[in-house]
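Written out below as structure tokens is the structure these notes cover.
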Amino acid sequence: MPVASAPSAIFIMSPHTTVPGATARVLLLSPPFSTLDYSLPEHLPARALFIGQRVAIPLGKSLRVGIIQSFFPGNEHAEAQNFTLKPLLWPLEKEPLLSAGYLDLITQLSQRQTESPGRILGTLLPAGLRSAKIRIRFFEDPVPLDLYPKEMAALSAEKLRSLGELWTQGLAETRQPGLDPLDAEFCSLASDPPWPVRPAAKAQTALLEHLLEHGSLSRRRVLADLGKNAAATLALLAGRGLVHIRPEDAPEAGAQKTKVFCPSDLETPPCFSLTAQQQAAFDALLAATQKQHAETHLLFGVTGSGKTAIYLELAKKVLATGKSVLLLAPEVALALKLKEETARLPLSCLPERQRILFHGYQSPVLREATFRRVSRAADSPFLITGTRSALLLPVENIGLIVLDEEHDSSFKQEEGLHYQAKEVAWYRARQQRALLLLASATPDVKSFYAAKEGLLPLHRLTERLGSGGLPRVRLVPMDAKPSADASLLAPESLKALREVVSKNEQAVILLNRRGYAPLMYCQTCSSIAKCPHCDISLSYHKGRERLICHYCGHCQPYPSPCSLCRGMRFLPMGEGTEKLEESLAAQVPPEARILRLDRDNTRRPGRMEEILAAFGRKEASILVGTQMLSKGHHFPDVTLAIVADADLGLNLPDYRAAERAFQLLLQSAGRSGRGEKAGEVLIQTRNPTHYCWEYVRNADYEGFYERELALRQRYQYPPFIRLALIRISHPVQEENAAQALAALGVFLKENAAKMGLTLLGPAPAPLHLLKGQRRFHCLVKGGDWPPLRALYRAALETSRKTPLKLTLDLDPLHIL
């Protein structure tokens, strides 16, 4: 049987081993994500197995997939416990999928997050790489034999030995599952809601809503989610032109040899004309890429100062040395923009297959194909553009990693497995002796503190490109008690907006609240419509005719009866981007077309690009959106930016609230006046005396930084201490949870004191009820990370047999 690995040291041998009686340590990629020991099979020579290789392994009555982490001689641990190790069954590829360096990265993540390496890999690897549904063809005489690993498990030892000989002789190959139409064809929406579907056609509405929520899905996934009866509904909607069914342009599965890379082909003139400031920063950064050790630098440049030009010139130089470049953005829209910018690079010698776009909204099929492609040619130069998940592609020989808008919270993975992309990037740069470049107009306070303390070289770009200069910023006071029918835009803002439209210029309006109305007020019983699973109000989405919870995704039709009085008289209160778009249509001239950019109307594949391209072509005068439009986009004809409700998020119970608000507002202001014309920014607020506004008005990042740093030092928050958040939850109906929570609280306080840690809590989380779970927080402060992790591990162990679920978030970005 397999045995859980011993805590003793592992004797890692070469990538493959020929030592008789060796044991393979395997990381299980599915629950319980254990690290297990297996003996090497007698039907395969040891030279057929490698560290980093996927293997099919028996576990109980099932067959699972694991990754070989290491080999070590003998099986003393199993013999000491009177176990006989089971042999692993078969490798799932001829070469290792993951390098030793990649496995080191997984080990580091495992130690930091106090998770098993198997769970780390089981979360990060594309779904298809965690499955044993792979076909192996053996070229027997006279007819080839196709087998799945599950079938091989039932073969005799003699038959397995004969297949092993074919494998080692090169007379066998692994083949991915054949893509029948259910797997190869993807379903996506052809239009945004509202759709021309009868209210009684619930199956049609359910399918359309499912695609809106999840994006492009394979036909197999649609049928698995909605049932086989959905096939007829899907065909009907496709026939009506409401759904597209198309093959995805996934890369070929075959391993084609890449063209030989010729560094001399890239010795061409610069793509950009750099200013003196840009050139000075570029020269210093280029010198850093040529050193024999890793470095991390911070590029601090005002909005519109030309940071992207520096990234691309650096990328060109690094690729010319035969090394890979990763250009990362916090959001897909910005990653797409970076990808388009890379087309300006004269990389005629870099094959298209080595220019990669990678992000989490791509289908599992495409992500798996990309992962395999990079793994097969890991040492070749790649130009990879994407979001944080692109950092986890198995590329080697990295020369440059760029994190654009490094302050953005989207670089932190907050759901499932927690990880901070900046930390992963730092480790990968250290492994590869590469340059990590952090860049922003509003750096993370911790990053800027490190630079000011001399831990990071700092490069400044204080001049905006073009003759427009930085925009003028004005505060617009709002009514502290607005009426339900009042316009969200103040008269002063509306006047400025109309003037811009009349001059054939453009404006952007930021409202960081999607939907039509955030509250639905029942006029019969004076209650607010709430989510049945969360203590959160339901937001009204008029286009979808739905009430939606923005936390758990619960969705119900509108109108529907009040859950308390069964009344049907509701009043929408507040304003989201959808309502703002609608109300503006009646307040500006008819020729001023309005576009909206938010999560609701960019779910359809390609829709985000359509909206941004249309606005860039001046097909609309006004673009309304959430924080998606606050950074990175360059529209030269935008001369007015309006922040419709600047107070949103400013007073949240979170030590980073002011920093996030300042960053969002300064980035939003940066969308105006990026061309030759001067720009203006109007910030609407009900609290015009807040200290944050003066720094925004003067674009004074360093002034804000100094004030924020003083507050954090006074109250002991990062960067002056290490901070961890232990999240505790239990089902609402759990009867024994209160007693378990009280006992855990006593345990945490006693052990925190012994470890020299400061502990706040357990206390109800600000969002106390989410997804049917009661939530509690313990905020822990300490001088270093190890004690924080040790406290969490001890708490995890003591609560193992209780109804409480614990998770650890190191350096939390949100404390809600």
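Tabulated data for the structure shown
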read-out: Value of [θ]222 nm, deg cm²/dmol, for the chain, DSSP H segments ≥ 4, -39500 (n - 2.57) each, nearest 500; value: -9000 deg cm²/dmol
read-out: Accessible surface, 1.4 Å probe, highest first, among residues Phe720, Phe139; value: Phe139, Phe720
read-out: In sequence order, calculated HN-Hα J values of segment 114-129 (Karplus, 6.51, -1.76, 1.60; Hz; x Gly/Pro); value: 6, 10, 6, x, x, 5, 4, 5, x, 8, 7, 6, x, 4, x, 7
read-out: Those residues of segment 139-164 whose amide nitrogen sits under 12 Å from the label point placed on Glu42, 7 Å along Cα→Cβ; value: 157-161
read-out: Summed residue charge, Cβ within 12 Å of Gln431's Cβ, Lys/Arg positive, Asp/Glu negative; value: +1
read-out: Pairwise FRET efficiency - Lys446 versus Ala743, Cβ, R0 = 25 Å, nearest 0.05; value: 0.10
read-out: Estimated dipole of segment 319-436 in Debye, rounded to 20 [Cβ of Lys and Arg +1, of Asp and Glu -1, Cα centre]; value: 480
read-out: Debye log10 I(q)/I(0) at q = 0.11, 0.21 Å⁻¹ for segment 669-767, Cα point scatterers; value: -0.65, -1.13
read-out: Mean Cβ neighbour count within 10 Å, used as a protection proxy, ranking 314-325, 762-773 highest first; value: 314-325, 762-773
read-out: Cβ-Cβ FRET estimate between Gln733 and Ala206, R0 fixed at 30 Å, reported to 0.05; value: 0.60
read-out: Anchor Lys133: aspartates and glutamates whose Cα lies under 13 Å away (excluding residues fewer than 8 positions away in-chain); value: Glu93, Asp146, Glu151
read-out: Nearest-ten-degree value, helix 737-754 long axis tilted from longest Cα axis of the chain; value: 80
read-out: Ranking by accessible area, most exposed first, for Met520, Met608 with a 1.4 Å probe; value: Met608, Met520
read-out: Helix 230-239 axis, angle to the chain major axis (alpha carbon atoms, nearest 10°); value: 50
read-out: Largest-first principal axis extents, alpha carbons of segment 100-245, Å; value: 63, 51, 22
read-out: Debye, to nearest 20: dipole size of the chain, +1 on Lys, Arg Cβ, -1 on Asp, Glu Cβ; value: 960
read-out: Residues listed by number, segment 578-616, amide nitrogen under 19 Å from Glu213 label point at 7 Å toward C-beta; value: 599-605
read-out: Carbon and sulfur %, accessible surface of the chain computed with the full protein complex present, 1.4 Å; value: 53
read-out: Hits among lysines - C-alpha to C-alpha of Lys677 under 18 Å, sequence gap 8 or more where chains match; value: Lys503, Lys618
read-out: Accessible area (Å², 1.4 Å probe, nearest 10) - Ser539; value: 10
read-out: Inter-site label distance for Asp146 and Tyr361 at 7 Å from Cα along Cβ, in nm; value: 3.6
read-out: The chain: angle of helix 364-376 to the longest principal axis, Cα-based, in degrees nearest 10; value: 60
read-out: Gained length - Asp654 relative to Glu702, 0.36 nm times residue gap less alpha-carbon distance; value: 15.2 nm
read-out: Residue-span extension gain [Ala238 to Cys552] - 0.36 nm each, minus C-alpha spacing; value: 110.1 nm
read-out: Counting DSSP beta bridges with both ends in the chain, the antiparallel % (nearest 5); value: 60
read-out: Rough spin-label spacing in nm, given labels placed 7 Å along Cα→Cβ, for Ala284 and Gln716; value: 3.6
read-out: Cα-based shape type of segment 556-683, given that a ≥ b ≥ c are square roots of the gyration tensor eigenvalues and the cut on a/c is 1.5; value: oblate
read-out: Exceeding the 24 Å Cα-Cα cut-off - candidates Lys452/Lys749; Lys495/Lys579; Lys337/Lys542; value: Lys452/Lys749; Lys337/Lys542
read-out: Anchor Lys316: aspartates and glutamates whose Cα lies under 16 Å away (excluding residues fewer than 8 positions away in-chain); value: Asp265, Glu267, Asp283, Glu340, Glu341, Glu352
read-out: Tensor-based shape of segment 334-431 (alpha-carbon gyration tensor, a/c under 1.5 rounded, otherwise prolate or oblate); value: rounded
read-out: Accessible surface, per residue, of the chain when the full set of protein chains is kept, probe 1.4 Å, Å²; value: 43
read-out: Vicinal HN-Hα couplings computed from phi for segment 698-713 (Karplus, 6.51 cos²θ - 1.76 cosθ + 1.60; Hz; Gly/Pro x); value: 9, 6, 9, 4, 5, x, 4, 4, 4, 5, 5, 5, 5, 5, 5, 5
read-out: Positive dipole terminus of the chain, leading residue within Ser162, Phe704, Ile536 (C-beta point charges); value: Ile536
read-out: Label of the coordinate-derived value, Rg and Dmax of the Cα atoms in Å, listed as (1) 30.8, 107; (2) 32.1, 104; (3) 28.5, 86; value: (3)
read-out: Segment 276-335: C-alpha gyration tensor shape, a/c 1.5 cut-off, then a/b vs b/c; value: oblate
read-out: Most to least packed among 501-512, 584-595 [average Cβ atoms within 10 Å]; value: 501-512, 584-595
read-out: Computed E for Arg135/Glu610 - FRET, C-beta separation, R0 56 angstrom, nearest 0.05; value: 0.90
read-out: Kirkwood Rh in Å, taken over segment 408-521 so that all alpha-carbon pairs contribute; value: 19.6
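The values are calculated or read from the model by the stated rules, or taken from the named source; none is laboratory data. Given the structure is predicted, the values throughout are model-derived calculations rather than measurements. Heads up, the Cβs are rebuilt from the backbone with ideal geometry, glycines too, and the neighbour counts pull from every protein chain shown. Side chains included, ligands, DNA and RNA excluded: accessible areas come from the protein's heavy atoms. Shrake-Rupley method; radii C 1.70, N 1.55, O 1.52, S 1.80 Å.
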